[in-house]
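What follows is a set of notes on a single structure, which appears directly below.
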Amino acid sequence: MSATTSAELAAIEGQIERITFANPVNHYTVARLTTKESKRPITITGHLAGITAGEFLKITGIWERHPKYGQQFKVSTYEITLPSTVESIRQYLRTGVIKGIGPNLADRIVDHLGAATLELIETHPARLLEVTGVGKIKLDAIQQAWRMHHQLRGLMQFLQQMGINASHGAKLLAFYGDHALKTLKETPYQIALDMPELGFAVADKVAQASGAEADAPTRYQACLTHILRQAGNEGHTCLPQDIVLDRCETVYGLDRLVAAQTLGEQPEESHLVVETDFTEPYAKLVYSKTLHQAETGIAARLNAMLSIPAARPTLPPEQILEQVQRKLALNLSTDQLDVVQQILNHRVVIITGGPGTGKTTLIRAISTVFETLKQKIALAAPTGRAARRLGDVTGRQARTIHRLLGVNFLEEKPQALTFVHNEDNPLRAGVVIVDEVSMVDALLMERLLRAVSMTTPLILVGDAFQLPSVGPGNVLADLIRSDTIPVFHLIKIHRQAHKSPIVVNAHRIRLGENPVPAQWEDRADPNTEFFFLEAAAPEKAVSAISQLCARTIPARFGLNPIQHIQVLTPVHKGPAGTINLNQALQSALNPAAGTVSFDTGQFKTGDKIMHLKNNYQKDVFNGDIGTVSAIDTLRRQLTVDYEGRGIDYDFNELNQLSLAYAISIHKSQGSEYPAVVVPLLTQHYIMLQRNLLYTAVTRGKQLVVLVGAPKALKIAIRNDKPRRRLTRLAQRLQNF
């Protein structure tokens with residue numbers, strides 16, 4: 001076999017000797033393969049889902065020379081061939097390829113069933129009951145493991161035939177289960193509707209290769225729906241029709257006229273809504289049906305609530321306020337007293353202001369008012385961390401909005417969810433107070449409003465200058481901009497907050513003024529909280545951040561580097577992005593052994609991690625941070641400790657997690673950390689925005705350190721034009 005690098009396609013057969021590396025999320029694998037032609041095992045690489053040591057492969061690919069690891073065979077296609085002799089079957093099953101069959105049980109099965117073992121497992125699995133140690137429960141487990149193993153194999157082979165990246169296979173199998181391959185073959189465009197992250201391109205490739213008509217209505221509907229789903233991922237609730245048609249034509253190569261005709265002839269079951277733009281009578285807007293329902297639902301519900309006069313308090317205002325001040329053991333300022341008193345006269349109100357302006361004090365005061373009036377209080381926030389913080393500062397129970405509403409699952413659609421509380425079963429509360437409303441997207445706000453009784457006061461609290469929600473919409477800003485809801489703007493920084501360099505500099509940033517940080521070298525003053533450490537080159541910034549987190553800040557301020565220090569960055573990629581920073585900080589902070597690979601690195605026991613998407617079945621939510629407490633390679637399971645609550649993740653669920661030594665500024669919303677370190681580099685130019693920097697700075701409670709280039713800081717301060725989100729909520733409220 002030639003040892004020279006060749007771009008010519010070659011075919012090889014052999015047996016897997018061992019797996020050197022396997023990413024459980026995208027199935028990128030490095031393995032050693034024994035062949036008849038080679039005296040020594042060869043190294044093969046590629047997306048090889050479902051292979052284990054002992055299996056026989058037929059592969060095609062090319063030889064290439066890796067600069068560090070030498071000659072390797074890069075796999076283009078592969079086929080697993082089952083062993084046929086008694087000893088090769090024994091070796092195959094002893095590897096643990098079928099979950100539930102260990103070495104001893106493998107020997108007993110093969111001794112009893114012989115060369116027909118694999119055929120019988122496939123066609124007559126009940127024969128396994130003849131083997132000592134196999135009962136009904138064990139048989140069911142073996143059958144399920146065998147079925148999943150071979151479904152994945154069949155799915156991967158089909159994807160290969162279609163020319164689609166095999167890394168998508170595990171996601172498809174996790175979503176559709178037994179029906180994955182059938183869905184791909186029979187209704188491929190369903191993928192574009194169900195799994196926006198895979199997108200229209202994958203579905204279209206399968207459909208066109210299977211002979212689907214190029215101008216089929218299902219194709220155009222899937223493409224249009226996918227474009228609107230992408231827009232939602234970018235924060236928009238709608239798009240102008242011309243932009244939608246342009247993307248159909250230029251990005252996906254679909255006929256513009258046919259796409260326009262499809263938009264104009266929406267069937268009842270369509271996922272899209274087309275309507276006239278409020279702001280341009282001759283223009284059309286396109287919505288996904290769910291976001292149209294959310295936006296119209298928010299406007300209709302709020303309009304109905306605002307039309308009902310607020311109930312008059314049963315106690316005189318002076319008596320209520322006197323009790324508030326007595327119970328809180330603090331004196332409210334004149335403007336705070338005025339806000340508390342006025343709130344009682346409104347059905348729905350918004351309280352907005354920056355750090356140190358008294359939002360939390362007002363929440364405590366308002367809660368005390370309603371307690372005095374013998375009313376039940378419901379406190380909520382969008383994330384678990386924000387809810388815990390709200391509960392700590394108010395001394396009352398606070399829950400996430402999802403937990404407040406109560407989550408139901410549909411057994412026939414495990415990905416779908418409904419809420420216990422809605423318009424037919426409203427929340428039983430005398431007042432509903434929601435904090436960090438800037439983080440609430442249109443979909444969740446509509447569900448919340450459905451669950452609030454028409455006669456229950458609703459108080460929305462948030463900082464309108466912070467970043468908008470990760471999900472679609474710009475709800476808090478739109479509600480304020482509509483000028484239809486009473487808004488209390490808190491501007492005055494209260495006396496205690498005036499002493500905080502973090503608060504003062506955050507307000508300077510909000511107003512477009514340069515902050516006044518201390519230089520890191522001049523940190524003798526123990527009251528200093530806000531620093532700038534100059535490191536203009538990305539590599540120097542990364543090195544400085546690692547040094548700060550691992551040694552300098554813990555030594556100077558007595559903070560735990562993993563629990564108390566959070567690195568916040570504007571970007572994911574690049575030297576100072578989350579991916580590279582997490583790897584650097586993991587090396588500096590966690591020397592533990594015992595790892596499992598994921599898309600962009602490895603998890604270790606003791607790692608700080610973040611959960612990335614709401615998982616209602618695990619009761620873990622987007623942005624929750626925990627610590628890896630155990631990695632079990634035999635059970636293919638990783639356990640995360642979330643403040644004393646252990647949650648297990650199968651290895652194929654690791655795409656729900658990421659390292660969290662460094663996280664994006666967007667992901668930090670609603671959270672506070674004792675110390676925050678923020679890289680600011682000119683390479684981040686596209687993301688250097690005033691509200692992004694403001695959000696990062698306001699996350700720090702005791703210490704903020706900006707690391708980077710002074711020029712980058714100036715760019716961020718000057719850039720007060722964040723990317724505009726396309727929504728029409730404000731106009732809908734104005735047009736009622």
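The values are calculated or read from the model by the stated rules, or taken from the named source; none is laboratory data. Here the structure is a predicted model, which is why all the values come from computation and not from measurement. Because the Cβ atoms are built from the backbone with ideal geometry, glycine has one as well, and the counts that use them run over all protein chains shown. Please note that ligands, DNA and RNA were not included when accessible areas were found on the heavy atoms of the full protein model with its side chains. Shrake-Rupley method; radii C 1.70, N 1.55, O 1.52, S 1.80 Å.
Of all residues in the stretch 247-266, those being without any contact (Cβ under 8 Å) to a residue 24 or more places away in the chain, open to solvent by less than 60 Å² (accessible area, probe 1.4 Å), in a helix (DSSP H, G or I) and within 18 Å of residue 229 (Cβ to Cβ) number 0. Looking at the structure I just gave you, is residue 390 in a helix (DSSP H, G or I), in contact with a strand residue (DSSP E or B) (Cβ under 7 Å, 6 or more places away or on another chain), free of Cβ contacts under 8 Å to residues at least 60 places away in the same chain and not charged (D, E, K, R)? Here the answer is yes, as residue 390 does meet what is asked. Taking the conditions (1) open to solvent by less than 30 Å² (accessible area, probe 1.4 Å); (2) farther than 21 Å from residue 103 by Cβ; (3) modelled with pLDDT of 85 or more; (4) not hydroxyl-bearing (Ser, Thr, Tyr) in turn, residue 27 satisfies each one other than (3).
Here residue 608 meets the list (1) of a type in the set (D, E, K, R); (2) modelled with pLDDT of 90 or more; (3) surrounded by fewer than 17 Cβ atoms within 10 Å (Cβ to Cβ) almost entirely, failing just condition (3). Listed by position, the helices (runs of 4 or more DSSP H) enclosed by the stretch 664-736 that each have at least 3 residues that are under 22 Å from the mean Cα position of the chain (by Cα) are 690-697.
Considering only residues in the stretch 77-90 that are surrounded by fewer than 14 Cβ atoms within 10 Å (Cβ to Cβ) and outside any loop (DSSP other than H, G, I, E, B), the one that is modelled with the highest pLDDT turns out to be 87.
Under the condition of being over 33 Å from the mean Cα position of the chain (by Cα), small (Gly, Ala, Ser) and either farther than 23 Å from residue 70 by Cα or open to solvent by less than 20 Å² (accessible area, probe 1.4 Å) (or both), the residues counted in the stretch 38-56 number 1. Within the span defined as the stretch 136-150, one or more residues are among the basic types (Lys, Arg), farther than 27 Å from residue 55 by Cα, in a helix (DSSP H, G or I) and at pLDDT 85 or above. Selection of the stretch 76-95 for residues being in contact with a Ser or Thr (Cβ under 7 Å, 6 or more places away or on another chain) and more than 24 Å from residue 158 (Cα to Cα) yields 89, 95. Check the stretch 437-457 and report whether any residue there is within 25 Å of residue 320 (Cβ to Cβ), crowded, with 18+ Cβ neighbours inside 10 Å and without any contact (Cβ under 8 Å) to a residue 60 or more places away in the chain. Yes, the stretch 437-457 contains a residue that is within 25 Å of residue 320 (Cβ to Cβ), crowded, with 18+ Cβ neighbours inside 10 Å and without any contact (Cβ under 8 Å) to a residue 60 or more places away in the chain. What is the residue count in the stretch 326-340 for residues that are more than 17 Å from residue 374 (Cα to Cα) and out of contact with any Ser or Thr (no Cβ under 8 Å at 6 or more places or on another chain)? Result for the stretch 326-340: 8. State whether one or more residues within the stretch 175-183 are closer than 20 Å to residue 652 by Cα, in contact with a Phe, Trp or Tyr (Cβ under 8 Å, 6 or more places away or on another chain) and at pLDDT 80 or above. Yes: the stretch 175-183 contains one or more residues that are closer than 20 Å to residue 652 by Cα, in contact with a Phe, Trp or Tyr (Cβ under 8 Å, 6 or more places away or on another chain) and at pLDDT 80 or above. Test residue 294 against the criterion of being closer than 30 Å to residue 449 by Cα, among the hydrophobic types (A, V, I, L, M, F, W, C) and open to solvent by 30 Å² or more (accessible area, probe 1.4 Å), and give yes or no. In short, no. Under the condition of being at pLDDT below 80, open to solvent by less than 30 Å² (accessible area, probe 1.4 Å) and either more than 16 Å from residue 430 (Cβ to Cβ) or among the hydroxyl-bearing types (Ser, Thr, Tyr) (or both), the residues counted in the stretch 301-335 number 4.
Considering (1) open to solvent by 60 Å² or more (accessible area, probe 1.4 Å); (2) over 30 Å from residue 343 (Cα atoms); (3) in a helix (DSSP H, G or I), the lone condition that residue 278 does not fulfil carries the number (3).
Looking only at residues in the stretch 203-218 that are closer than 16 Å to residue 254 by Cβ and of a type in the set (A, V, I, L, M, F, W, C), which one is nearest to the chain's Cα centre (by Cα)? Steps first, please.
In the first step, residues of the stretch 203-218 are kept if they are closer than 16 Å to residue 254 by Cβ; the result is 203-205, 207-208, 212-218.
Then drop every residue that is not of a type in the set (A, V, I, L, M, F, W, C), which leaves 203, 207, 212, 214, 216.
Working: 203: 23, 207: 29, 212: 34, 214: 34, 216: 34 Å.
Ranking the candidates gives 203 first.
Scoring residue 449 on the criteria (1) out of contact with any Lys or Arg (no Cβ under 6 Å at 6 or more places or on another chain); (2) at pLDDT 95 or above leaves a single failure, condition (1).
Within the stretch 119-148, can you find the residues that are under 20 Å from residue 83 (Cα atoms) and open to solvent by less than 100 Å² (accessible area, probe 1.4 Å)?
120, 121, 123, 125, 127, 128, 142, 143, 145, 146, 148
Among the residues making up the stretch 386-399, those that are surrounded by fewer than 22 Cβ atoms within 10 Å (Cβ to Cβ) and on the phi < 0 side of the Ramachandran plot are 388, 389, 391, 392, 393, 394, 396, 397, 399. Scanning the stretch 506-521 for residues that are open to solvent by 20 Å² or more (accessible area, probe 1.4 Å), in contact (Cβ under 8 Å) with a residue 24 or more places away in the chain and not in a loop (DSSP other than H, G, I, E, B) yields a total of 1.
With respect to residue 606, is the statement that it is in contact with a helix residue (DSSP H, G or I) (Cβ under 6 Å, 6 or more places away or on another chain), small (Gly, Ala, Ser) and within 24 Å of residue 22 (Cβ to Cβ) true? Considered against the rule, which asks whether it is in contact with a helix residue (DSSP H, G or I) (Cβ under 6 Å, 6 or more places away or on another chain), small (Gly, Ala, Ser) and within 24 Å of residue 22 (Cβ to Cβ), residue 606 comes out as no.
Let's see how each residue does on (1) open to solvent by less than 20 Å² (accessible area, probe 1.4 Å); (2) of a type outside the set (Gly, Ala, Ser); (3) under 18 Å from residue 708 (Cα atoms):
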| residue | (1), (2), (3) |
| --- | --- |
| 539 | no, yes, yes |
| 542 | yes, yes, yes |
| 551 | no, yes, no |
| 554 | no, yes, no |
| 558 | no, no, no |
| 562 | no, yes, no |
| 566 | yes, yes, yes |
| 570 | yes, yes, yes |
| 585 | yes, yes, yes |
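Within the stretch 11-24, take every residue that is of a type in the set (Val, Ile, Thr) and out of contact with any Gly (no Cβ under 7 Å at 6 or more places or on another chain) and give me the one that is surrounded by the fewest Cβ atoms within 10 Å (Cβ to Cβ). Applying the filter and picking the extreme gives 20. Please give the helices (runs of 4 or more DSSP H) falling wholly within the stretch 186-246 in which 1 or more residues are within 19 Å of residue 260 (Cβ to Cβ). Fully inside the stretch 186-246 and qualifying: 199-209, 217-233.
Conditions (1) in contact with a Lys or Arg (Cβ under 6 Å, 6 or more places away or on another chain); (2) in contact (Cβ under 8 Å) with a residue 24 or more places away in the chain; (3) closer than 27 Å to residue 193 by Cα, marked per residue:
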residue: 285; (1), (2), (3): no, yes, yes
residue: 295; (1), (2), (3): no, yes, yes
residue: 301; (1), (2), (3): no, yes, no
residue: 322; (1), (2), (3): no, no, no
